[in-house]
Structure formats: C-alpha cells, structure tokens
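The values are calculated or read from the model by the stated rules, or taken from the named source; none is laboratory data. The structure displayed is predicted, hence computed values, not measured ones. Cβ: placed from backbone, ideal geometry, glycine included. Neighbour counts: every protein chain shown. Please note that ligands, DNA and RNA were not included when accessible areas were found on the heavy atoms of the full protein model with its side chains. Shrake-Rupley method; radii C 1.70, N 1.55, O 1.52, S 1.80 Å.
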Amino acid sequence: MTGRRLKAPAQRAQRTGRRPRAADLEPHAGRLRAVILNSPCNPSGAVIPADEVARFAAFAARTGAVLISDETYDAFHYGPGKFTSLATQARSVRDRLVLVNSFSKTYAMTGWRVGYALGPRTLIDAARKVQSHDATHTASISQAAALEAARGPQEAVIAMREEYRQRRDAIVAALRRVRGFACRVPPGAFYVFPNVSAAQRRLDCADTVAFAKRLMQEAGVATVPGEAFGSPGYLRMSYALATPRILEGVGRLEKLLGTAEA
C-alpha cells in the first residue's frame, strides 16, 4: 500500500487468533499495489486457513494487487490438516504471486543465509538487480549445502516438527500457570505470543518494552516485546530450545509473577 502499512485492530486480532482476513483489505483495494502475507506467522504462529488463502487470491485477481507470501515456517505446521500455500492458487494469480522461503528454519541453517523467491520473471529480474547490489550473492558453499538439504532425506525435518510440537504443548501449558499470562496454542512456527497485559500491570510497567526488560533483569528470561510487531501487551517467546530449558525459564516467570488461579 502506498505510504503506510495496514494493521488489524487488536480486539479482532485476538478474536481471530491473529489470522489476517482478505475482507480487511477491501476498504483499501483501490490503493493497494502489493500485499505481504506471512503464514505460519512470526511472531504469533498463526496460520492462514485454506478458505482464506482462496479469498486473498480472489482479491488479488480482482484488484491487480501482487501477493507476496512469506512461507518461511511452512515445515512447522501442526494442524489440523495440511498447510495451505498460496501456490495452491497459482492458476488464478500466477502473474501476480511471489512465494518467499528460506532454508534457515526448515533445515536449521540460520547462519548460512540462503533463501529463495518464486514469481513472475519480470518481478524476479527486478528483485535480482536490487539484491545483487545489496548483498552480491550467497556463498557458493551455502548454496551447495542448501541444494543437498532439499534433495536429501526429509525424515529429520519431520522429526524436528514433532519435537517442536511437544515443546509447544509444554510451553503453552506452563505459561498458562503464570499469573497474568493468557496464551493461545499456535498452529505453526516455533513461537508463542501470549497476552501479558495483566502481568505487565502487576509489575507496574508502562509498556511491554519495560516489562520485557524487567523479566530479563529480575528473572533472566529473554523475550521480545510486542511493540516490535505493532502489538503492545504481548511478548514473543521462542520454543526453539530444549524442553528442560523452556520449563526452567517459565518457572522463573512463575516465581516472579505468581501462579495463576485455577
């Protein structure tokens, strides 16, 4: 959109599990040139369901907007059902669809800095011109490793997803015992995004940035305040570490804030 970004109202975001809706774009249809979607989502773990994916495609086909779908966490969808990529709508929006992905999460190659985009040749050629001057190129060794990861056995990816599922269930159950935390079960990615407004007030913090600082200083727990994502009152917490460490961290929060009433 020219000049500014669209943000979903906080109350509706809570009600819908922070899933974007094509209907929210309608008032801006005449001014939108492109729409960036992220599913599964960082920071909330929200996943756009198949019927909504179809609605976004229909919106793009009707208005001419380009759809840019960031699907970096597509390997970490825990159901129900299968993850629905925007690629399923390629027949209707092939000339205005760009898929963005990365090897960083699926294959634990964060430091290797390898990603890719699929889309219309004119858009990809334009992006290549910018990228070549911005970062030159990804190291040839990283590219070879990424190719081997994509072509090789995928059992490790499946095993990692199931491990993350167990960690997700563990962290959600533990956070729900912390006074002032309200935590949904995210269907994707490897983050939880609990509402901590009540806990924030309990520590008399002016905002979630101050609250996150208190958690770091007094409990030794690192979080990312929701203000970084346009969502004050929330914290992003990762469960990309061993379950005992997760439970230790949440235990520190419970000690600081108290135990939620049953």
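Here is how the numbers come out for the structure above:
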read-out	value
Options Ser140, Ser132: the member that is closer than 25 Å to Ala34 by Cβ, of a type in the set (Ser, Thr, Tyr) and out of contact with any strand residue (DSSP E or B) (no Cβ under 9 Å at 6 or more places or on another chain)	Ser132
Evaluation of Arg94 against (1) open to solvent by 50 Å² or more (accessible area, probe 1.4 Å); (2) out of contact with any helix residue (DSSP H, G or I) (no Cβ under 9 Å at 6 or more places or on another chain); (3) within 30 Å of Ala182 (Cβ to Cβ) (one fails), failing number	(3)
Matching option when the condition is closer than 20 Å to Tyr191 by Cβ and modelled with pLDDT of 95 or more, among Asp74, Asp51	Asp74
Residues of the range 35-70 that turn out to be buried (at least 22 other Cβ atoms within 10 Å of the Cβ) and either under 20 Å from Asp169 (Cα atoms) or of a type outside the set (A, V, I, L, M) (or both), as a count	10
Selection status of Pro187, farther than 19 Å from Gly233 by Cβ and either of a type in the set (Gly, Ala, Ser) or open to solvent by less than 50 Å² (accessible area, probe 1.4 Å) (or both)	yes
Those residues of the range 215-233 which are in contact (Cβ under 8 Å) with a residue 60 or more places away in the chain and either assigned to a strand (DSSP E or B) or over 14 Å from the mean Cα position of the chain (by Cα) (or both), in sequence order	Val224, Gly233
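Here's the yes/no breakdown for (1) surrounded by fewer than 16 Cβ atoms within 10 Å (Cβ to Cβ); (2) in a loop (DSSP other than H, G, I, E, B); (3) modelled with pLDDT under 95; (4) under 16 Å from the mean Cα position of the chain (by Cα):
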residue	(1), (2), (3), (4)
Leu147	yes, no, no, no
Pro153	yes, yes, no, no
Ala156	yes, no, no, no
Leu235	no, no, no, yes
